[in-house]
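What follows draws every value from the coordinates through simple rules; no lab data is involved. Please read these numbers as outputs of a predicted model, since none were measured by experiment. Glycine gets a Cβ as well: all are built from the backbone with ideal geometry, and neighbour counts include every protein chain shown.
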Amino acid sequence: AILVNHALTGWSDVPGWWPSMVGPGLPFDTDKYFVVCPNVIGGCQGSTGPSSIAPDGKRWGSRFPAVTIRDMVAAEVKFSDALGIKKFKLSVGPSLGGMRSLEWAVQLPERVEAICTIGSSAVATGDQIGTHSIQIRAIKSDQYFNGGDYYEQERGPIEGMGIARRIAHLTYRTESEMDVRFGRQMQGDETGRYAVESYLDHQANKLAKRFDANTYISLTSAMASHDVGRDRGGVVAALESIKIPAVVVSIDTDRLFPSRLQVEIAELVPKAQPLITISSDFGHDGFLVESESVGAAIGQALSII
């Protein structure tokens with residue numbers, strides 16, 4: 001079995017968010033492997049999250065507890081137990097998913113043969129925490145947020161989450177792509193918007209149709225709290241304690257998870273393979289776009305086991 005850990009706004013349908021990766025003859029070859037991708041705890045697309053119904057019959061909303069990467073992994077372990085999966089061949093994930101894969105390696109080496117992290121890190125950086133905090137503030141500042149208890153209202157904090165998504169999307173892509181693709185071009189409609197504004201509006205509206213603002217806060221906060229070294233003697237000690245092989249993938253233009261964060265993992269994990277660097281024009285989102293290169297890295301991870 002292979003455990004796929006989805007990123008922030010991903011969900012259990014891997015082909016839905018990671019096209020060309022799962023199926024017969026594809027990197028996650030379903031003729032060879034049983035591939036599972038549980039919805040993350042705190043989410044809004046299957047697992048219990050703020051929009052779920054609490055025991056009292058009302059939505060959790062503002063009462064939903066804070067969750068960490070370790071809580072998410074604890075839920076994945078219970079999920080694996082329920083399916084009767086004693087050991088995964090590989091735990092793999094990009095971004096938030098890579099954080100969880102790393103946690104599996106530190107905490108549960110007997111339950112996974114190897115891990116593969118893509119565009120991820122051992123600890124959240126000050127830059128990431130700063131960006132995350134602005135996105136959360138945008139949602140909480142929305143006049144319809146109502147302290148997180150907006151489910152019975154006609155309108156929720158759509159505008160606030162849209163601003164958060166626009167900020168996030170810029171960190172997922174690159175300065176050069178935005179300039180080459182849009183530059184100072186106008187959209188050419190009655191709104192008078194720049195083309196890049198229209199593009200960001202589209203990204204915001206697309207997410208609003210399928211995602212909950214409280215979940216966005218919950219998962220973003222979990223990413224900001226990420227520190228594989230917490231209560232383990234620090235990041236270096238935690239990474240050096242990993243006993244299983246690791247394949248670490250970096251995207252050369254990633255400005256949200258710069259390469260130095262993957263270099264740290266590759267250099268400190270004793271059985272880590274040499275760092276794989278994928279060249280992409282698309283920054284952090286390269287893990288979604290560069291299917292061929294990412295697939296080759298996954299193939300390499302599966303071949304070392």
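A few remarks follow.
- Peptides ranked, highest mean first, by Cβ atoms within 10 Å: ranges 247-253, 202-208, 298-304, 167-173: 247-253, 167-173, 298-304, 202-208
- Between 0 and 90 degrees, the angle of helix 213-225 with respect to the longest Cα principal axis of the chain falls at about 40 degrees.
- Dipole magnitude of region 25-180 about its Cα centre (Cβ charges: Lys, Arg +1; Asp, Glu -1), debye to nearest 20: 320 debye
- With distances taken between every two different alpha-carbon atoms, region 157-285 has a Kirkwood hydrodynamic radius of 17.3 Å.
- Proximal lysines to Lys89, defined as alpha-carbon separation beneath 23 angstrom and excluding residues fewer than eight positions away on the same chain: Lys32, Lys78, Lys243, Lys271
- Gain upon complete extension [Arg63, Gln300; 0.36 nm per residue less C-alpha separation]: 81.0 nm
- Considering only the chain, percent of DSSP beta bridges that pair antiparallel, nearest 5: 15 percent
- Model label sites at Ile85 and Arg155, defined 7 Å from Cα along the beta-carbon direction, differ in position by 4.2 nm.
- Scanning residues 5 or more positions from Arg232 or on other chains, none has an amide H under 5 Å from its amide H, with H placed 1.01 Å from N in the peptide plane.
- Relative to the Cα centre, the charge distribution of region 193-305, modelled as +1 at Lys and Arg Cβ and -1 at Asp and Glu Cβ, gives a dipole magnitude of about 300 debye.
- Length added when fully stretched, Met186-Ala54, from 0.36 nm per residue minus Cα-Cα: 42.8 nm
- For Cys116, the residues 5 or more places off, or on other chains, whose built amide H falls under 5 Å of its own are Ser91, Val92, Gly93, Val247.
- Whole-Å distance, taken between Cα centres, linking region 187-246 and region 1-62: 16 Å
- For Ser280, nonlocal amide neighbours, meaning residues 5 or more places apart or on other chains whose placed amide H falls under 5 Å from its own, are Asp252, Thr253.
- For region 141-288, with +1 on Lys and Arg beta carbons and -1 on Asp and Glu, the positive-most of Gly286, Leu275, Gln203 along the dipole: Leu275
- Gyration tensor over alpha-carbon atoms, region 1-102, equivalent ellipsoid semi-axes in Å: 26, 14, 12
- Backbone HN-Hα couplings from phi across region 122-132 [Karplus 6.51/-1.76/1.60, Hz, Gly and Pro as x]: 8, 7, 6, 8, x, 5, 5, 4, x, 5, 4
- Projected label distance in nm at Asp13 and Thr125, using a 7 Å step from Cα toward the beta-carbon: 3.4 nm
- Here the chain is assigned +1 on the Cβ of each Lys and Arg and -1 on the Cβ of each Asp and Glu. Its dipole about the Cα centre then comes out at about 620 debye.
- Residue-wise HN-Hα coupling along region 12-17, computed from phi with Karplus coefficients 6.51, -1.76, 1.60 (Hz; x: Gly, Pro): 5, 7, 4, x, x, 10
- Each label point was placed 7 Å from the Cα along the Cα-to-Cβ direction; for Lys209 and Val236 their separation is 5.0 nm.
- Helical runs assigned H by DSSP (4 residues or longer) give the chain a calculated mean residue ellipticity at 222 nm of -12500 deg cm²/dmol, each run adding -39500 (n - 2.57) before division by the residue total.
- Working note: Karplus 6.51/-1.76/1.60 with θ = phi - 60° gives region 18-34 the couplings 10, x, 6, 10, 10, x, x, x, 8, x, 8, 6, 6, 6, 10, 10, 8 Hz, where Gly and Pro are set to x.
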